[in-house]
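Contents: one structure, followed by commentary.
The values are calculated or read from the model by the stated rules, or taken from the named source; none is laboratory data. A quick note: this is a predicted structure, and the numbers were derived from the prediction, not measured. FYI the Cβ positions are ideal-geometry reconstructions off the backbone, even for glycines, and counts take in every protein chain you see.
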Ligand SMILES: Cc1ncc(COP(=O)(O)O)c(C=O)c1O
Ligand SMILES: [Zn+2]
């Protein structure tokens with residue numbers, strides 16, 4: 001059962017009914033879901049959560065939909081890996097990787113869409129839609145298929161092939177617009193006013209964004225019911241970043257963990273770092289930019305939640321870091337070679353940012369640190385194609401040994 005009481009404007013506090021709305025009519029502030037936390041406190045406990053399914057739906061009491069009707073393709077409860085090898089390289093003894101690249105459509109976006117699709121059915125929509133930088137597209141298409149809904153997905157035309165195929169395969173109608181994500185998003189805002197479609201990240205955004213809280217809950221539970229000392233999170237719109245913090249705060253407010261003292265660190269690639277730029281200027285207002293980055297999944301020049309991400313940085317004492325574009329690939333390789341996890345560019349951004357923070361001495365050796373790996377490398381293979389350089393041989397012993405010796409032999 002859902003414990004939602006309504007929607008509330010984050011700026012002026014005006015209350016709204018539970019409807020597909022995302023903006024306040026009076027001040028244009030974003031709307032957020034409100035809950036009856038007293039009722040939640042009565043029903044939730046570590047034990048009740050532990051009895052739930054091994055998916056994000058074990059936290060249904062803290063989500064804005066009825067979990068019994070969830071559009072569920074087994075998203076969540078992804079592995080938290082103790083990253084000893086990467087930790088050794090970076091001089092960190094308590095480093096963990098939250099490997100969210102193994103969700104059903106291979107990114108954390110399955111979390112937000114599972115909630116949004118469920119809410120869309122509750123509202124009686126028959127069409128699911130989104131504006132996407134790539135990963136949301138696949139998640140919407142997969143959940144739309146499961147829900148038996150029609151699906152329209154809008155993407156910038158220059159997206160990686162793995163993301164286009166990984167969306168079209170579910171039978172979604174894909175619309176590739178010749179422009180940036182920000183152009184696509186603007187178009188979709190107009191479409192959401194015209195068509196009665198559930199745009200997960202526009203008119204469904206208050207519900208959708210709550211799904212990311214589960215990345216806070218899971219990490220706390222997997223650490224033995226405690227918040228980490230540091231969280232390293234890649235950012236595009238900034239929604240994921242703010243909602244991981246909201247999730248940790250909720251757990252501590254409900255007494256399920258101790259005080260959440262996590263320093264929330266936000267990472268972007270240099271070629272699209274408008275939130276980091278505002279942080280450097282000590283401003284809470286993001287100046288939109290035109291992205292030019294290898295990390296296409298993070299290429300949002302006008303981040304909807306930038307203001308709230310900056311407030312979260314201030315509230316938690318975290319840092320915002322931009323990483324040089326060339327270090328994104330290095331980050332992907334470093335994670336793969338040390339921990340056996342193949343991530344996409346967003347994960348490369350996380351690892352490069354983690355390295356930057358470790359080098360700056362921001363993270364103490366023994367502090368519990370979680371790096372969020374939010375997308376899968378198999379979707380963006382073209383950016384690391386240069387590693388595919390096999391020894392070409394005839395299928396016989398002589399040919400192998402000749403090639404092996406030429407490549408340096410047993411010492412190689
Ligand atoms: C893999 C991946 N990680 C992180 C993000 C950032 O999410 P947000 O827009 O909530 O900041 C995205 C956004 O598309 C993404 O695809
Ligand atoms: Zn308002």
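Restricting attention to segment 307-330, the residues that are touching a strand residue (DSSP E or B) at 6+ places or on another chain (Cβ under 7 Å) and either assigned to a helix (DSSP H, G or I) or within 12 Å of residue 384 (Cα to Cα) (or both) add up to 6. Count of segment 156-173 residues, restricted to those that are surrounded by fewer than 19 Cβ atoms within 10 Å (Cβ to Cβ), free of Cβ contacts under 8 Å to residues at least 40 places away in the same chain and either touching a helix residue (DSSP H, G or I) at 6+ places or on another chain (Cβ under 7 Å) or assigned to a strand (DSSP E or B) (or both), is 2. In segment 273-305, the residue that is nearest to ligand 1 (Cβ to nearest atom) out of those that are under 14 Å from residue 233 (Cβ atoms) and outside any loop (DSSP other than H, G, I, E, B) is 297. When restricted to residues that are within 12 Å of ligand 2 (Cβ to nearest atom), out of contact with any helix residue (DSSP H, G or I) (no Cβ under 9 Å at 6 or more places or on another chain) and not in a strand (DSSP E or B), segment 1-41 contains 10.
If you check 110, 72, 93 for being in a helix (DSSP H, G or I) and either touching a residue at least 40 places away in the same chain (Cβ under 8 Å) or away from ligand 2 (no atom under 16 Å from the Cβ) (or both), only one passes: 110. Determine, yes or no, whether residue 229 is closer than 30 Å to residue 48 by Cβ, out of contact with any strand residue (DSSP E or B) (no Cβ under 8 Å at 6 or more places or on another chain) and modelled with pLDDT of 95 or more. No, not satisfied.
Here are 68, 74: which of them is surrounded by 13 or more Cβ atoms within 10 Å (Cβ to Cβ), closer than 30 Å to residue 170 by Cβ and out of contact with any helix residue (DSSP H, G or I) (no Cβ under 6 Å at 6 or more places or on another chain)?
On the way: 68 fails: surrounded by 13 or more Cβ atoms within 10 Å (Cβ to Cβ).
Just one listed residue meets the conditions, 74.
For segment 107-121, give me the residue count where each residue is crowded, with 24+ Cβ neighbours inside 10 Å and either over 30 Å from residue 3 (Cβ atoms) or more than 12 Å from ligand 1 (Cβ to nearest atom) (or both). Can you show your working first?
Taking segment 107-121 first, the residues crowded, with 24+ Cβ neighbours inside 10 Å are 107-120.
Filter again for either over 30 Å from residue 3 (Cβ atoms) or more than 12 Å from ligand 1 (Cβ to nearest atom) (or both), leaving 114-120.
Of the residues in that region, 7 qualify.
Take the conditions (1) within 16 Å of ligand 1 (Cβ to nearest atom); (2) over 26 Å from residue 9 (Cα atoms); (3) part of a helix (DSSP H, G or I); residue 220 misses just one of them, which is (1).
Could you say whether any residue in segment 188-195 is closer than 18 Å to residue 75 by Cβ and part of a helix (DSSP H, G or I)? Let's see the steps before the verdict.
Step one: list which residues in segment 188-195 are closer than 18 Å to residue 75 by Cβ, which gives none.
Within segment 188-195, none of the residues are closer than 18 Å to residue 75 by Cβ and part of a helix (DSSP H, G or I).
Identify, from the list 266, 240, 254, 298, the residue that is at pLDDT 95 or above and more than 19 Å from the chain's Cα centre (by Cα).
Details: 266 fails: more than 19 Å from the chain's Cα centre (by Cα); 240 fails: more than 19 Å from the chain's Cα centre (by Cα); 298 fails: more than 19 Å from the chain's Cα centre (by Cα).
Exactly one of 266, 240, 254, 298 is at pLDDT 95 or above and more than 19 Å from the chain's Cα centre (by Cα), namely 254.
Within segment 174-194, residues that are within 22 Å of residue 22 (Cα to Cα) have Cβ atoms under 8 Å from residues that are loosely packed, with under 15 Cβ neighbours inside 10 Å in these pairs: 182/288, counting only partners at least 6 apart in sequence or on another chain. Only one of the listed residues (19, 32) is within 16 Å of ligand 1 (Cβ to nearest atom), touching a residue at least 12 places away in the same chain (Cβ under 8 Å) and under 18 Å from residue 201 (Cα atoms). That residue is 32.
Of the numbered criteria (1) in contact (Cβ under 8 Å) with a residue 60 or more places away in the chain; (2) surrounded by fewer than 23 Cβ atoms within 10 Å (Cβ to Cβ); (3) in a loop (DSSP other than H, G, I, E, B), the one residue 203 fails is (2).
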